[in-house]
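The values are calculated or read from the model by the stated rules, or taken from the named source; none is laboratory data. Being a predicted model, the structure only gives us computed values, none of them experimental. Here the Cβ positions follow ideal geometry from the backbone for every residue, glycine too, while neighbour counts run over all protein chains shown. When the accessible area is computed, the model is the full protein with side chains, heavy atoms only, and any ligands, DNA or RNA have been set aside. Shrake-Rupley method; radii C 1.70, N 1.55, O 1.52, S 1.80 Å.
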Amino acid sequence: MAAQTIREQLAASALAMNEGHGDAHHALQLLAEQRYLHHGVPREMGGEGDTLWEAVQAIAEVSAECLTTAFLFWCQRVFIEYLLHTPNTDLRDTLLPDLLTARRAGATGLSNAMKYLGGLEPLRTRAVLHEDEIQLDGHLPWASNLRVNRFVVAVAAQVDERQAIVAAVPAEAQGVERSETFQLLGLQSSETASLTLRSVRLPRRWLLSDNAHDFLQSVRPRFLLLQCGLPMGITRRALQEASAKMQGAKAILEQRVETACRQWHRLQRRTQRLAQQRRYGQSDLRRLFQTRIQWVDLAVKAAQLELEAAGGAAYFRDSGTARRLREVTFLPVLTPSTTQLALQLKQSQKEPAAR
């Protein structure tokens, strides 16, 4: 299927996806069939054999048409990234084919864990390690891509004061309780709900890592870089729409739109350089935090510019501009939120940069 045809399909379903009338499974299947999910995955594991940057660009391409589908793509692709970094190769080999083909939905589930890694809150799930099993008890107040009865979610859990683990928890495990799907301002087809784990017992083969801190440190840069694709795409689309509507009196916006376009290109080049790195020191992580914040700020600004350029026609609920305005409000609160990143940046300024 031609890329233009895929974009047309994504655009045609974007309003329904945002309003809660779309089909998350169908959206992910379309991306899987066209091998969007395969970018950044080694060829020997069934992927395209290209780099993380191609995966970021693929998410941006989808985001330009439909942020809800792009967010589902991000959830699925981040879980795939966990599998690429787990030392548990048996689990990787078992789950990866189903994630790449979207037969199973992947939920990141690590909102709490990323805040834990940043020193912002403790882990909310407890784990007991038995000889052959893991027992999990806790609550995930927010997770997305939770396709009913057919998801797997990554959960970080505290064992004791010295150890925390990360486990992959399948929907079918006894004791996994999914709430009703949340009613959100936008992105309502993102299968977002809360999860409660009540004495969930899993064989140890479901362990992604027995060292949560090191595992989370290794995946966090990629988690954030893949997130950058979300504002990258919707910002580009909003600026394109604004540029196309600057006739007559609206030409007064030209300088602001051109400034925003230049900022988009600067951030795109910086994101590419970061995505092409192999290692991330503390100074690189700070730069990545700043980049993610700047992408979100630019996305919000671009949506506002599109509204001003489009005028009253944009205020009709079913317009693409109105949908993008609702979509873009999600980006500042996506974990780690821009507020959380700013706090971590402030805290990190007191620490010496890694060399």
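Cut-off 13 Å, label point 7 angstrom out along Cα-to-Cβ of T5: give me the residues of segment 23-52 whose amide nitrogen falls inside. Flagged as within label range: 34. Shown here for segment 311-353: trypsin sites (Lys or Arg not before Pro) in loop regions (DSSP other than H, G, I, E, B) with at most 15 other Cβ atoms within 10 Å, namely R317, K350. Here the Karplus curve 6.51 cos²θ - 1.76 cosθ + 1.60, taken at θ = phi - 60°, turns the phi angles of segment 138-149 into couplings of x, 9, 10, x, 7, 8, 10, 6, 8, 4, 3, 6 Hz, with x standing for Gly and Pro. Relative to a virtual label point 7 Å from the Cα of H213 in the Cα→beta-carbon direction, which members of segment 135-156 show backbone nitrogen distances below 18 Å? Residues 156 qualify, since their backbone N sits under 18 Å from the label point.
Axis of helix 67-85 versus longest Cα principal axis of the chain: the two differ by about 40°, to the nearest ten degrees. Using R0 = 30 Å, the C-beta based FRET efficiency linking R35 and A251 works out to 0.10. Helix 254-275 versus the longest principal axis of the chain: what angle, 0 to 90°, nearest 10, using Cα atoms? Helix 254-275 and the main axis of the chain meet at about 30 degrees. Scalar couplings 3J(HN,Hα) for segment 186-197, obtained by applying the Karplus form with A = 6.51, B = -1.76, C = 1.60 to θ = phi - 60°, are x, 6, 6, 8, 8, 6, 9, 7, 9, 10, 10, 10 Hz; x denotes Gly and Pro. Just the protein heavy atoms count here, and of the accessible area of segment 207-355 at 1.4 Å, carbon and sulfur take up 49 percent. The portion of the accessible surface of segment 113-181 made up by carbon and sulfur, rounded to a whole percent, is 45 (1.4 Å probe; DNA, RNA and ligands excluded). May I ask for the angle, rounded to the nearest 10°, between helix 338-348 and the longest principal axis of the chain, with both axes built from Cα atoms and the value confined to 0 to 90°? Taking Cα atoms only, the helix is inclined about 70 degrees.
Of all the C-alpha pairs in segment 209-355, what % are more than 23 Å from each other?
Details: 4593 of 10731 pairs.
Percent of Cα pairs beyond 23 Å in segment 209-355: 43.
Loop-resident trypsin sites (Lys or Arg not before Pro) (DSSP state other than H, G, I, E or B) in segment 242-286 with no more than 13 further Cβ atoms inside 10 Å of their Cβ: R278, R279. Summarising the label geometry, the points placed 7 Å from Cα in the beta-carbon direction at E177 and S319 lie 4.5 nm from one another.
Please work out the average accessible area per residue across the chain, using the 1.4 Å probe convention, and give it in Å². Walk me through the numbers on the way to the answer.
Working: 15580 Å² over 355 residues.
Computed with neighbouring chains in place, this is 44 Å² per residue.
Ellipsoid fit via the Cα gyration tensor, segment 78-123: semi-axes of 25, 12, 7 Å, each the root of five times an eigenvalue, largest first. With N the number of residues in segment 6-104, Rg(Cα) / (2.2 N^0.38 Å) evaluates to 1.06. The trypsin sites (Lys or Arg not before Pro) found in segment 36-120 that occupy coil by DSSP, while having at most 15 further C-beta atoms within 10 Å, are R103. A Gaussian network model of the chain, with springs between Cα atoms under 10 Å, assigns the largest mean-square fluctuation among S283, S63, S189 to S283.
For the chain, the number of Lys pairs with C-alpha atoms closer than 19 Å, counting only pairs eight or more positions apart or on separate chains, is 4. Provide the FRET efficiency to the nearest 0.05 for the H21-R205 pair, computing r from the beta carbons and using R0 = 25 Å. That pair, H21 with R205, gives E of 0.05.
Shape summary of the chain, radius of gyration then Dmax from alpha carbon positions: 20.2, 73 Å. Each part gets one Cα centre, and for segment 163-229 versus segment 26-40 those centres are 21 Å apart.
Can you give the extra length, in nm with one decimal, that the chain gains between R126 and A12 once fully stretched, where that is 0.36 nm per residue apart less the Cα-Cα distance?
On the way: separation 114, 0.36 × 114 = 41.04 nm, distance 4.32 nm.
Extra length from R126 to A12 when fully extended: 36.7 nm.
Each 10 Å bin from 0 upward holds the following percent of the Cα-Cα pairs of segment 106-212: 15, 50, 29, 6, 0.
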